[in-house]
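Scroll down for the structure; my scribbles are underneath it.
The values are calculated or read from the model by the stated rules, or taken from the named source; none is laboratory data. These numbers were taken from a predicted model, which means no experiment stands behind them. Positions of Cβ are generated from backbone atoms using ideal geometry, with glycine treated the same way; all protein chains shown enter the neighbour counts.
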């Protein structure tokens, strides 16, 4: 049993950095959709990231119209919510 390979072998830290996903939104971010303004503002309530290399990343956003919608949250994807119109509210408080 002692001769079997163990988790966390040498070089694992560099592999983890390569597989790291570049996401757009985090839980608690306030957003709106440029094309569907009648949905109202939204807040990110949940994110989901696949543990597989090049796996999917999703974000659940609860909008003011009462519906929770799911969007792709990975910048590496052509259908990322950033490219489809999801935008952060300005973070400047008036």
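Suppose we filter segment 67-88 for residues that are outside any strand (DSSP E or B) and modelled with pLDDT under 95; how many remain? Break it down stepwise before answering.
Here is the first cut: in segment 67-88, the ones outside any strand (DSSP E or B) are 67, 73, 75-79, 81-85.
Going one step further and asking which of them are modelled with pLDDT under 95, we end up with 73, 75-79, 81-85.
Summing the residues that are outside any strand (DSSP E or B) and modelled with pLDDT under 95 in segment 67-88 gives 11.
In segment 43-83, what residues are free of Cβ contacts under 8 Å to residues at least 40 places away in the same chain, surrounded by 14 or more Cβ atoms within 10 Å (Cβ to Cβ) and out of contact with any helix residue (DSSP H, G or I) (no Cβ under 7 Å at 6 or more places or on another chain)?
43, 44, 47, 49, 57, 58, 60, 61, 62, 69, 77
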